[in-house]
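Chemist: Please see the structure below; I have some questions.
The values are calculated or read from the model by the stated rules, or taken from the named source; none is laboratory data. The structure presented is a predicted model; accordingly, all values stated were derived computationally and were not measured. All Cβ positions, glycine included, derive from the backbone under ideal geometry; neighbour counts span all protein chains shown.
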Amino acid sequence: MNKEFKVSGGHKNTVESAYNILKLGGNAFDAAIAGVFSSMSAEYLYTGAASGGAMLVKKDGFSPLVVDFFVETPAIDPKKVADFKTIQADFGDTKQEFNIGMGSVGIPGTLPGLIDIHKNYGSLPFAVLVEQAVDLAKNGCLISKNQEYLSSVLYPVISNSETLKSLFIKNGVLKKSGGLFINKDFSSFLEQFIYEDPEEFYKHEVCPLLYNTIKGGGIISLKNLQEYTPETRAPLTTQYHNHTIFMNPHPSTGGALVAEGLKELNKLTAVSKQDLERALYKMRIIKEKDMVGSTTHLSVMDKKNNVASVTTTNGVGAGFLIPGTGIMPNNMLGEKHLNIHGFHKWESKQRIPSNICPTLMVDNNDKLTVLGSAGSSRIISALTSVITNLINGKMTLEAAISSPRIHLEGEILHCEPTISPTKYQTKDLVLWEEKSMYFGGVNACSFSESIADERRDGFSV
């Protein structure tokens, strides 16, 4: 039995909220729910209450399951889209296009997902799991360097709405790291979950509010919102050397791609960066350039060996707030890499395929390692790299996550520092001067370690 609580996530406030729930006697699933709620303030540009995600859950003595609460496509004629605009995010050396507006909002799943997980796996009252998030939104979360950077890059999204802009700007300038991100409207919104039945509140108050906000420019019906249902699935399972690895299954593409890469490497005792490159090339993990990856991941392990691995994402956000809530909805219908057939050409009422991949590794001695990553397309390369570092390289969890990474994007190989480019056969090569959030953000827990990725200001206890 695990003797200690372990939590690893993308922000100090997110992790501390989860850890505090464990100290109160909550289980890993309670802690994960509390952490996700706090991340909606602490990691505002990564996730939110109108986002989507997935959680891998494993109760001690039971097989793992995946609760899919990712964003869904509307069941309505997409030709009616009225508010769908293109903006450019400036990364310095390059710019990237995103589509925002009311017409970019897909059916969110995060709140129904968390409510469902609590109903089936939680042990503490739902109100208790929300309390810390209420306080953080009211009194403020420390802005990390990562959040400061994202707010500057995504300024065209932030500045699309005066009310949204006011959350990030003080005295005419963007708030800096070390300052406070305060969202009092969101605090008031969350507080209602303390006093009302969560499911009823969501269906009969939150859903109409979102619908009334976007009905003039978006395409989601009230019925779409109220009928959304989280789906519990058996995980995609693959064998890699002496480990069984459980991941997010179809319709997510993340687990399948990691499994494909590991299949290529399974016959090798040692995995070089050349081997990893070849595996990534075969996986064809990316078709469109995607620099931001507005995603966050939280891993939790409690003393009873219950584990939760949860990834959530808001895209870059739709660029407006639901009045009186402080919530910026997702822009998944406007994310090019998620709409592979083109915009407004989706199948109705379908989960949008994504790369999110909450993961659990179990060795022959039943030792658990729970992990996942932020980073959109780089989720695949980051997880494949860390898994091979752990198993083939026999690294500690800290070393496996810290180790320099590569990422193959089309025909372009991106390399973090200390990796020699002369080893690789590629058409184009990008050498990064330092480790970067671009290469994902892996947060993981094992029996002996809890490690967060330095690339995204991660924190662990």
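Chemist: Quick check on PHE189: is it closer than 16 Å to LEU45 by Cα and of a type in the set (Phe, Trp, Tyr)?
Modeler: Answer is no for this residue.
Chemist: Now, a different point. In the range 138-156, how many residues are modelled with pLDDT of 95 or more and in a helix (DSSP H, G or I)?
Modeler: Selection size over the range 138-156: 2.
Chemist: Is it true that ILE194 is surrounded by 14 or more Cβ atoms within 10 Å (Cβ to Cβ) and closer than 30 Å to LYS85 by Cβ?
Modeler: No; evaluated as a whole, the condition is false for this residue.
Chemist: Can you name every residue in the range 376-422 that is crowded, with 21+ Cβ neighbours inside 10 Å, among the charged types (D, E, K, R) and modelled with pLDDT of 85 or more?
Modeler: Answer for the range 376-422, where residues must be crowded, with 21+ Cβ neighbours inside 10 Å, among the charged types (D, E, K, R) and modelled with pLDDT of 85 or more: ARG378, ARG405.
Chemist: While we're looking at this one, here's another question. Answer yes or no: is there a residue in the range 409-426 that is over 22 Å from ASP275 (Cα atoms) and either among the hydroxyl-bearing types (Ser, Thr, Tyr) or touching a Leu at 6+ places or on another chain (Cβ under 6 Å) (or both).
Modeler: Taking every residue of the range 409-426 in turn, none turns out to be over 22 Å from ASP275 (Cα atoms) and either among the hydroxyl-bearing types (Ser, Thr, Tyr) or touching a Leu at 6+ places or on another chain (Cβ under 6 Å) (or both).
Chemist: Output the number of the condition that GLU347 fails; it satisfies all remaining conditions of (1) within 21 Å of the chain's Cα centre (by Cα); (2) surrounded by fewer than 16 Cβ atoms within 10 Å (Cβ to Cβ).
Modeler: All conditions are met except number (1).
Chemist: Does at least one position in the range 103-120 carry a residue that is surrounded by fewer than 23 Cβ atoms within 10 Å (Cβ to Cβ), assigned to a loop (DSSP other than H, G, I, E, B), touching a helix residue (DSSP H, G or I) at 6+ places or on another chain (Cβ under 6 Å) and on the phi < 0 side of the Ramachandran plot?
Modeler: no
Chemist: Here's a follow-up. Can you pull out every residue in the range 1-12 that is crowded, with 24+ Cβ neighbours inside 10 Å and in contact with a helix residue (DSSP H, G or I) (Cβ under 8 Å, 6 or more places away or on another chain)?
Modeler: Matches in the range 1-12: VAL7, SER8, GLY9, GLY10, HIS11.
Chemist: If I go through the range 192-206 residue by residue, how many of them are of a type in the set (Asp, Glu) and closer than 17 Å to LEU321 by Cβ?
Modeler: 1
Chemist: Which ones in the range 106-145 are more than 20 Å from the chain's Cα centre (by Cα) and acidic (Asp, Glu)?
Modeler: GLU131, ASP135
Chemist: Can you tell me which residue is farthest from the chain's Cα centre (by Cα) among those in the range 445-456 that are crowded, with 21+ Cβ neighbours inside 10 Å and farther than 12 Å from ALA399 by Cβ?
Modeler: Here the answer is SER446.
Chemist: When you go through (1) under 21 Å from the mean Cα position of the chain (by Cα); (2) of a type in the set (S, T, N, Q); (3) part of a helix (DSSP H, G or I) one by one for ASN99, which number turns out not to apply?
Modeler: (3)
Chemist: A follow-up question, please. Determine which member of the set GLU264, GLU260, GLU277 is within 22 Å of VAL66 (Cα to Cα) and of a type in the set (Asp, Glu).
Modeler: GLU260
Chemist: Residues of the range 159-180 being within 18 Å of THR296 (Cβ to Cβ) and either in contact (Cβ under 8 Å) with a residue 40 or more places away in the chain or touching a Pro at 6+ places or on another chain (Cβ under 6 Å) (or both), which ones?
Modeler: LEU167, the sole residue that qualifies.
Chemist: For the range 33-74, what are the residues that are of a type outside the set (D, E, K, R), closer than 22 Å to THR232 by Cβ and assigned to a loop (DSSP other than H, G, I, E, B)?
Modeler: Passing the criteria: THR47, ALA49, ALA50, SER51, GLY61, PHE62, SER63, PRO64, PHE70, VAL71, THR73.
Chemist: Looking at (1) touching a helix residue (DSSP H, G or I) at 6+ places or on another chain (Cβ under 8 Å); (2) within 30 Å of LYS367 (Cβ to Cβ); (3) of a type in the set (Lys, Arg), which is the one condition that is false for LYS267?
Modeler: With respect to (1) touching a helix residue (DSSP H, G or I) at 6+ places or on another chain (Cβ under 8 Å); (2) within 30 Å of LYS367 (Cβ to Cβ); (3) of a type in the set (Lys, Arg), LYS267 is out only on (1).
Chemist: A further question on this structure: Collect the residues in the range 228-268 that are free of Cβ contacts under 8 Å to residues at least 40 places away in the same chain and under 27 Å from HIS337 (Cβ atoms), keeping them in residue-number order.
Modeler: Correct list: LEU236, THR237, THR238, HIS250, ALA256, ALA259, GLU260, LYS263, GLU264.
Chemist: Same structure again: Out of THR311, THR359, THR369, THR325, I need the residue that is surrounded by fewer than 24 Cβ atoms within 10 Å (Cβ to Cβ) and at pLDDT 95 or above. Which one?
Modeler: The unique qualifying residue is THR325.
Chemist: Looking at (1) under 23 Å from VAL310 (Cα atoms); (2) at pLDDT below 95, which is the one condition that is false for TYR202?
Modeler: Of everything listed in (1) under 23 Å from VAL310 (Cα atoms); (2) at pLDDT below 95, TYR202 misses just condition (2).
Chemist: Return only the number of the condition from (1) touching a helix residue (DSSP H, G or I) at 6+ places or on another chain (Cβ under 8 Å); (2) at pLDDT 95 or above that GLN88 does not satisfy.
Modeler: GLN88 satisfies all of (1) touching a helix residue (DSSP H, G or I) at 6+ places or on another chain (Cβ under 8 Å); (2) at pLDDT 95 or above except (2).
Chemist: Would the range 231-244 turn up any residue that is under 25 Å from LEU136 (Cβ atoms) and more than 23 Å from the chain's Cα centre (by Cα)?
Modeler: no
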